[in-house]
Structure formats: structure tokens, C-alpha cells
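Have a look at the structure below, then the notes.
The values are calculated or read from the model by the stated rules, or taken from the named source; none is laboratory data. Since this is a predicted model, take the numbers as computed values, not measurements. Virtual Cβ from ideal backbone geometry, glycine too; neighbours counted across all protein chains shown.
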Amino acid sequence: MGSRLTIAGRELAGLRAEKTILLAVGIQLFIAAFSSFLVVGLVSMYDPGALDGAEIEVAAAGDAVDGVERAAAEVPGASVTAYADAGAARHAFDRNAADAVVVATRTDEGRIATAVTAPDATVETTVVVVQLRELLRAHELNERAARAPHLTEPPLPLPERSEASPYFAFTYTVLIPLLAVLPVFVSGALVVDSITEELDEGTLELLRVAPVTLGEILDGKAAAAVAIAPGQALLWLLLLAANGTSVANVGPILALMTALTTLVVAVAVGLAAIAPDRRAAQLLYSVAVLALFGGATAMDGGPANAVARLAIDSADATTGALVAAYAVIAAAAYLGVRRVVVAEGLGR
Amino acid sequence: MIDRLRGGGARARVALRRVLRVARWESSRAAGGVDRRTLAAAVALVAVAGGVVGVGVATGVAGFDVDRDVYRVGVDPASPYADAVAADPSLRAVPAREAALGETTDATVITVVAPSSDGPGDGPIAAARVDEVVVRATDTRKGAAAAASVREAIEAHNERLMRAEPNETAAFPLTVTLRYAERSGGPADGPTLGGSGGESATGGDGATGGESATGGDDATTADGGSAAADGGSDPAGDATDGNSDAGDTAADETRDTAGDTVDSETEDTAGDTAADEDEPGEATEADGPAVPPVGSGVFGADTTGSPSSITPPFPFVSLLLAFAFLVPMNFLIQAYGSSILDERTNRRGEPLLVTPLSPAEIVAGKTLPYAVAAAAATALIALAVGGGALSVVGVLPVAAAFLGATFVGAMFARSFKELTFLTVGVSVLVTTYAFVPAIFTNVTPVALVSPLTLVVFDLQGEAVSAGQTLFSTAPMTLGAGLLFALGLGVYREEDLFSQKPVTRKLLDALAVRLSPVTASEARLSRRRLRALGSVALLTGCAIPFVFVAELLAVAVLFALPVTVSVPVLLVTIAFVEEVAKSAGLYAGFERGVFDRSDAVAVAVGVASGTGFFLAEKATAVVQVVGLTDLFLGRAAFADVAGLSGHAPAALAALLAAPLVLHVVATTVAAAGAVRGRTAYAVALALSTLVHAAYNVGVVSLG
């Protein structure tokens, strides 16, 4: 045990000396800050109602203008002013008195045709279009309700609107899984580097004249890598908690991260042992990890979804079983790889 | 003269031959490193994973729903709402009798049934009997999000119901034609302003025509509707078509690069209608603009359909495809970084150094195979996703930036472990810098700072002018070149095989580019002026990286409220600029290139500040694309903006103020740099404060 700890300590000391781990944390901080930029930017484009005071002014005209006005009363974020005719409405648009023009006319078939004009190529276009869509959908629902007797199957009544933060789902289903899983990949890459570097420089031979077995060396290197990833994940969860995002099931999440890191480290050790040099090993490792996680994410109970469900507190017995299953698979994979490598020996 | 030219040509030929020889050697080595078995294994891995996922997605077992089952919703299995909940992947239905709000569920759907003679039965509830529905949610953010998801799920369910409805008029009573128009000022709007409104109300008929042509399926309505609606394909409607509508349509059509047959028809319509009206001249104007003004036409064709089929102009698919171009780069730089660092471990690169090859030739040769691979991969992806030459032109600078940054990283790294972190850092930085501006492709011309925006334009089928292409690609290409120059400076024996922290390596690389400045020398000797010139040049070369850092800072701080983000941004920008101006000076003092004296500090401080000022002014081209229109952009590029429209004296003062600022702040930092690390840190903080105070002044005055 002692020799394993010594080797793990040596690995960690190497990382500390190079201060590269700071770079890793810095990269993650950057990603976290950037994702909030992305999410606030994108969500406010898609759901401008989430921004305070995002209200658009619509100039309406046409013989069916009353329906548009009724719909506007139901939709927050859009107010409608009726104009005598389409030219007047368009004029209001041109002199910036309105954000958009809606001309609603009844057709011979009994439909309502709405010609909508939105400003071209400006920052607010997306906001305007999204709000217009809400307005017109409300209008559509009203009209549809009026014609319900003609429908073979009426639409289901809708519940009240609720004020939900659009960032909520993104934070739990994308940001937290991403920040938790990223250190796992880096840990595996570290193991690949650590082993191929020792092979390359011949220092592994020196280590082997010391009274340690190859298995112990592998254990030590793996332990160092496995220790880092859950530690980084914990750091993130604490940061998020400090930022007002409560994360449930921290213990199971860290257990899941440990299991995943062990699995990835097993892959890394195996590839480092068989690949001819560092370049090949890293290439194979990246491809393998991408394939592994891409495939797993697409499956029911993939790691990203498991983290999301744990963090948002929607976990049930199956999620717990899933974490246990990952742990068993990871342990089996590492022990299997270790056994083969110890039997076959490292090197090309 | 001719002899010299001939000599130069011969030298260039020799150099080219040498570069190619190194490239051949490198590619054979790379092929040996990544042998066939490795490659086969990688391909097999991808194929197996792709196959499994593909089959899973095809059979509906798998899907990339990251939000699967995140909300638990209690619903009576007999209620028609159970179907709606079951169809939404993010909702997990909990049978109503097991549901306990706040414990096993986040929201509960309560179906209120109209009283009927049958009484409450056990069978399924018919949708027609539902009177209303109440969603009760926990009083948390999660509960609110769950309730909102339930409402969306019901809306989606209704939409599906309506699509199956035989009575289309009742199911989709509204048809919408969305078109984008510029506000007055554009000639296209002329007829609209002049046209009387009476007829234009009937302009809606054009939309109806389009709609009725595509009627049936909702999906086809959304896609196929635009051309029909634009063209007003219903000939009967033409006679009554309003002037304004026809004018608009013509203008829209001329912008449409697709150039379909409807085009001529529409223009005819405009002409005809205009002839009927009393203002034919303006209608001709409407036909006029064959060349789109910058930034318009970006939104592509108009859309027609039911209200829910309206989508905001967001180039999602093009963005996703553009991202595909960046994926192979990440693998490429891993191999490239390994190859460079390989030379540096165990002094493997030494034999190459003693050959007559120059370092530049060695590096060019070693880089060439990877650059070729990047170009080949880019061309292949362009073929696969339907991009043209413009896509390749847009991606190549990004590839160069990836390679340049990796080269510097591999020159500075001490070990493969460190290189891994540096490579990940390079990937993240370059990817975000290339990708994030491209998101705003259709929103603001600033997006062109990323060459990837060109790819998005290309995939959307938009035309891009040569000027835009140049603006978009030149800075990144220049940046990549500067990175290679930085790394090349330390491609020599004493630096290649030594191991130092990355920051010290960076100082070495900077100091290489400086010439000695001594305290005893005559103040204006030619040698000294040349040395100071190299200081100014070094600082000037930092400008592209300063802008990148500032843009990234704008993006990162974007999430904060403006009251916080603008002050933080001003200080950050000041800090970035002060570091850029004084890092080289610190390197000069630390490496003994400059004499440690205050007189030298003042001289190099003035030189560096002036170099920065000149380089910054040279980038005033930024103004051309209206970067300064953005509020945050104005804060970042305040010095560049607002030079026009001032009297010469005021203009001179406006020019002099930043010059004085840069010179003073840098001299302060240089005075600290003379005295060692701690003093430099203190002086840097001081100069940052001075600079930030100035920035605050400029922003509050402007």
C-alpha cells in the first residue's frame, strides 16, 4: 500500500510542480463563465420574456385586427395598436413607432391571413419574432377555440402560464454534467501521458529496480488520476452552490464521477500499454473516450443524464442502481486491464 | 540587380527543397508513429460506437435527450393528459395515486371533468369531457420549470392532434407570412411609404395563395411556402395586389440569392401595379437594388405557415455544420504537439539542428504535413456538408491558429502532461473564439471577427464580399503567423532542450526579439533608436492578442449586469493592455537585454507605449464594420472610435490623449520592471489603475 501511495504522491507532486493543474482549473472556470454567456445570450434570444421589460409594440391593421388585439391582451410582452390601414401601420413601423407590422385579413375560405413584417438584420429581430410568435399563437388558440365544434377531436385545455426561469433546465442538464465530466477526460489523458512518458524516457526501468511491482506502479498512477477528477467536480459543485444553484445528491454524483474516472483510467492504461508511442496512445484514447461517452450519452441512463437527474433531485431507485452498476463496471474494467498489463508487461 | 534576383530565386528554391525534405521525413515518421494498426483500431472504435448509436437512434431506444426524465409529474393514467406527459422526454409520469407533491413529484396535473350523466367511471376520460386543467407545482424553481414543461408538452400534444385533423381550416385558422424589411432609408421602402394603404390590405391575398398551394401538411407549409407566397403565385390576385406589397416582394426577391423563376414574375407584378398607381418612378426604384446592402439578405427567404412554424432567424444547422470543421483540428494538434515536443525530449532534435537547415525551414517542414492534413480534412468536410471554397477559406486561418498556438505550447511545455493541459487550453480558447461570434452571424456584423462566420454565410448560401472575407480571415492569419514567430525565436539549442516554467519560457521568447539598450550609450544613437524600434514593434505585435483577450473578456463578463460588467470590463481591458505593453520590457530587464537604470526604463516605456498606440490606431479598420455600435464594444474600443466629425485641434487632442496615456502608464510599469518581480507587480497594478481611470473618463464623456 505504502509504495502505491508514494507513487501516487509523486504523480501529484509532478503536477503541482508544473502548476498545470491551475491551467486546468482556469480552463474550467473559463468554460463556466462562457457557458453562462452562451446561455444568457441564447436564451434571451429565444425567450425574451425572460428578460425584464422586453415588450414589443405591434402596429396592426386589416379587417381582422380585433382578434390580434384580443390576443395581445393575453400575452405578456406584446402590445398592439390598431391603425386604419396597412399603409399607416407600415408608416408607424418606418418611423420607429412600432417594432413590427401585422396585417390580418379574412380570406374567402374562412381563414385569417396575417402578413407580418419584422425589422431586417438587427439585434432585436429575434426578440421581435419570438414575441410575435407568442402573440400569433395566442391568436390561433382563440380562433381554434371558436371553431372547436367543427373539430373531430378538440384540443386539450391548457393550464395557466407559469413563470419559469429558462436558465434552470440548462444549468442542470448541460452545465453541471459538462463541468463534472470534463475533469474525467483530462484525468485519463494524464495517465496516458504519465505512462508513455516513463516508457519513452526509460525511467520506468529505474522505477522497477525499486522494490515495487508493475501492478503497484499502475495502481499509484491510477490513484493519483482518480483522486483529481472527483476533487475538481466537488470544487465545481461548491462554486455553483455558492452561486445560488443548489445541487442535490452530491455524494452519489461524486461516486459516479469516481466510477467514471476509474473506467476512463482503465481505458487509458490499456491503450498506453499497447500503443507504440504517445501520439498513437493519445489519438486512440481521444477516439475511444469520445466514442464511449457519445455512445453512453445516447443511451437511457447515460452518464450526463444520470448526473442531471441526481443534481436536480429527480433521482429514483434506478438512478442509484445505475451508479452502482457504473462502479461495478469500472472496477471490473480496471482490474481486468491491470491483470492483462501485469501479465503482458508494459512496452512495445 | 538581376543577379541578386536570380540569387534570391535560387535561395528560395533551395529553401523550398529543404522544407519539402523535412516535410517528407515528418510525414513518414508520423505515419510510422500512428501505424496502420492504430489507425484501424481508431476507425473500428468509431464505427462500432457510431453503429450502436445509429441503430439506437433509428429504433428509438436512444436519443440525445440530456433532459430525459428530469421532472416528475403526477397524472391520472386515465386522463387524456397522460398521453401528453408521456410523449415529452423531459417528463416522467407518476401515477396520480402514488403522487405526493414535493416528495415523489414536482408537479401534478389535475384534470377537471365536466359533470356528466355517466358519473365517474374507471375508463379513460374522453378529451371532449375535460372542462379545464390545473397544474399544481411545488413552490421552487424546479416546480415552476416543471409546470412550464407540462404546458409545453400539452401544447405539443395539441399540435399533433391538430395535424391529424381533417378539417384544416378549423385546426389551423391562422396563416402567417413573415417577411423582413428594413426601416425607411433603404430604397426598397420607397413605394411602401408612398403607397396608399387601401389596397395593401389585400396584399394578404398573396400569402393566402402561397398557403393554399401548400396547405395539407404542416411541415411542408413551413418549408415550401416561401417561394409561392413571395411570388404571389395566384395570378388572379395580382390585379388587386397593393403597391406596397408588390414593392416589398420585389425588393425581397432581388435580395434572394436563390434566384428562382418567381423572380421575374414578381418584378412584373411590381411594374404592373406601379403603372396602375400614380408613382411609377418609385416602383422602378424598388426594382433597382440588385446588389444587397451590407448585412441585409442575411435572413434569407420569407416564411409562411401556422404561427408555431415561425422560427427566429437563427442559423442553428449551419452553426452545427460549421462546428464539424473544428473537430478534426483537435486531433490534429495532438499529433502535432507530440511531434514538436518529441524533438525536445532526450535531445532528439539535435541532429536536425546541426544540419545546414535553418530553424524556420525545420519548423516549416514539420508543420507542412499537418497543415496539408488540415486543408484536406477541411475540403472533405466542405464536400460532405455542402460548403464551397469560401468554407475552406474561412476554416484555414482557424487551422493555422490551432497549429500556431500548439507550436508555441509545445515549445514551452516541460512534459507531455503539461502539453496535454496546454493543448486542451488551446482547443478551448480557439474554439470559443471561432465559434461564439459565429452564433451572432445574422445579428451583427461583429460576427465577422471570426472566420467561422464566413462558413456559416457560405452554408446559408449568402454572398460575402472580398472585403468582408479579408476582414474576417486576415487577423487570425496574422495572429497565427505571430505565434509561429514567437515560438521560432526559441527554436535553438539552449532553449529547445531546457526545461523551465511556461512563464519563464515566454519571457525568453520575448527577450529574443529585443536588442540591448544600455544606460551609457548616447541618447539618440542610431543603434539605440533601432533597439527602441524593436521594443515598439514587439508591443505592436501584441495587438491582435490584446483584441482577442478583450473580446473574450467581453463575452465572459456578458452574463453580469451592465452596472457590474462595464466597470469590471474597463479594469480588465486596462490590465490586458498594460500587460501587453510591459511584459516585453520585463523580459528585457530580467534577461539582461536592457540595463537596469531608470533612464533606460523611461526610454523603453515611451517606445513601448508609442508602439502600442500606433498599432492600435492601425486597427481603426475595426470601425469600418461598426464594432463600436455595441455598447460593450464601445467600452472595449473606445480609443478607436469617434474620430470623425471633430475640428482638427480637437482631433489632435483626441489623438494625443491616448498616446500620452499609453506612454505614461507603460513608463510607470517599466520603472517597476527595472526593480524586479514584486516591484513590477505593484507598478503594473498602478498603471492599470491609471489606465482604467482614463477609460472610465472616456466612457462617461462619450
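Quick notes on this structure:
- Applying the set (1) facing another protein chain (nearest Cβ under 7 Å); (2) modelled with pLDDT of 85 or more to A:PRO119 leaves exactly one unmet item: (2).
- Flag if A:THR126 is hydroxyl-bearing (Ser, Thr, Tyr), more than 7 Å from chain B (Cβ to nearest Cβ), over 16 Å from B:ARG183 (Cβ atoms) and part of a helix (DSSP H, G or I): no
- Qualifying position, being within 30 Å of B:VAL317 (Cβ to Cβ) and at pLDDT 85 or above, among B:ALA379, B:ALA447: B:ALA379
- Flag for B:THR453 being in a loop (DSSP other than H, G, I, E, B), touching a helix residue (DSSP H, G or I) at 6+ places or on another chain (Cβ under 8 Å) and crowded, with 22+ Cβ neighbours inside 10 Å: no
- Test result for B:THR304, surrounded by fewer than 18 Cβ atoms within 10 Å (Cβ to Cβ) and modelled with pLDDT under 75: no
- Boolean, B:LEU560 is modelled with pLDDT under 85, part of a loop (DSSP other than H, G, I, E, B) and more than 14 Å from chain A (Cβ to nearest Cβ): no
- Answer residue from segment A:47-64, given it is more than 10 Å from chain B (Cβ to nearest Cβ), crowded, with 22+ Cβ neighbours inside 10 Å and modelled with pLDDT of 85 or more and is farthest from A:VAL103 (Cα to Cα) among those: A:VAL58
- In segment B:668-680 there is no residue that is within 34 Å of the chain's Cα centre (by Cα), free of Cβ contacts under 8 Å to residues at least 12 places away in the same chain and assigned to a helix (DSSP H, G or I).
- Output for segment B:123-161, where each listed residue is closer than 16 Å to B:ALA93 by Cβ, in contact (Cβ under 8 Å) with a residue 60 or more places away in the chain and more than 7 Å from chain A (Cβ to nearest Cβ): B:ALA146, B:SER149, B:GLU152, B:ALA153, B:ALA156
- Screening segment B:664-698 for residues that are surrounded by fewer than 16 Cβ atoms within 10 Å (Cβ to Cβ) and of a type in the set (Gly, Ala, Ser) and picking the one that is farthest from B:ALA599 (Cα to Cα) gives B:GLY697.
- Only residues that are modelled with pLDDT of 85 or more and either surrounded by fewer than 20 Cβ atoms within 10 Å (Cβ to Cβ) or outside any helix (DSSP H, G or I) (or both) were counted in segment A:277-292, giving 1.
- Within the set B:VAL291, B:VAL327, the sole residue that is of a type in the set (A, V, I, L, M, F, W, C) and modelled with pLDDT under 50 turns out to be B:VAL291.
- Unique residue being part of a helix (DSSP H, G or I), touching a residue at least 24 places away in the same chain (Cβ under 8 Å) and either in the same structural domain as A:ILE312 (by TED's automatic domain parsing) or surrounded by 16 or more Cβ atoms within 10 Å (Cβ to Cβ) (or both) when the list is A:ALA222, A:ALA248: A:ALA222
Condition check ((1) modelled with pLDDT under 90; (2) in a loop (DSSP other than H, G, I, E, B); (3) not β-branched (Val, Ile, Thr)) across all residues:
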{"position": "B:ALA93", "(1), (2), (3)": "yes, no, yes"}
{"position": "B:VAL109", "(1), (2), (3)": "yes, no, no"}
{"position": "B:ASP118", "(1), (2), (3)": "yes, yes, yes"}
{"position": "B:GLY123", "(1), (2), (3)": "yes, yes, yes"}
{"position": "B:GLU132", "(1), (2), (3)": "yes, no, yes"}
{"position": "B:VAL135", "(1), (2), (3)": "yes, no, no"}
{"position": "B:LYS142", "(1), (2), (3)": "yes, no, yes"}
{"position": "B:ALA145", "(1), (2), (3)": "yes, no, yes"}
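- Between A:ALA146, A:ALA104, A:ALA138, A:ALA97, the distinction of being surrounded by fewer than 16 Cβ atoms within 10 Å (Cβ to Cβ), in the same structural domain as A:GLY87 (by TED's automatic domain parsing) and under 17 Å from A:ARG70 (Cβ atoms) belongs to A:ALA146 only.
- Screening the candidates B:ALA485, B:ALA438 for the property of being small (Gly, Ala, Ser) and either touching an Asp or Glu at 6+ places or on another chain (Cβ under 8 Å) or crowded, with 20+ Cβ neighbours inside 10 Å (or both) yields one hit, B:ALA438.
- Condition met for A:VAL269 (in contact (Cβ under 8 Å) with a residue 40 or more places away in the chain, buried (at least 21 other Cβ atoms within 10 Å of the Cβ), among the β-branched types (Val, Ile, Thr) and within 30 Å of B:ILE340 (Cβ to Cβ)): yes
- Meets criteria (within 19 Å of A:GLU160 (Cα to Cα), modelled with pLDDT under 85 and within 7 Å of chain A (Cβ to nearest Cβ)) for B:VAL113: no
- Residue that is nearest to A:THR81 (Cα to Cα) [pool: residues in segment A:92-120 that are assigned to a loop (DSSP other than H, G, I, E, B) and among the acidic types (Asp, Glu)]: A:ASP99
- If you go through segment A:310-345 and keep only what is small (Gly, Ala, Ser) and under 13 Å from A:ALA273 (Cβ atoms), you end up with A:GLY336, A:ALA343, A:GLY345.
- Scanning segment A:65-116 for residues that are charged (D, E, K, R) and facing chain B (nearest Cβ under 10 Å) yields A:ASP85, A:ARG90, A:ASP94, A:ARG95, A:ARG106, A:ASP108, A:GLU109, A:ARG111.
- Looking only at segment A:131-178, and only at residues there that are at the interface with chain B (Cβ under 7 Å from one of its Cβ atoms) and among the aromatic types (Phe, Trp, Tyr), the one that is farthest from the chain's Cα centre (by Cα): A:PHE168
- Some residue of segment B:370-392 being over 29 Å from B:VAL455 (Cβ atoms) and within 14 Å of another protein chain (Cβ to nearest Cβ): no
- Entry remark, segment A:138-149: residues being under 19 Å from B:ARG179 (Cβ atoms) and of a type in the set (Lys, Arg) number 0 in total.
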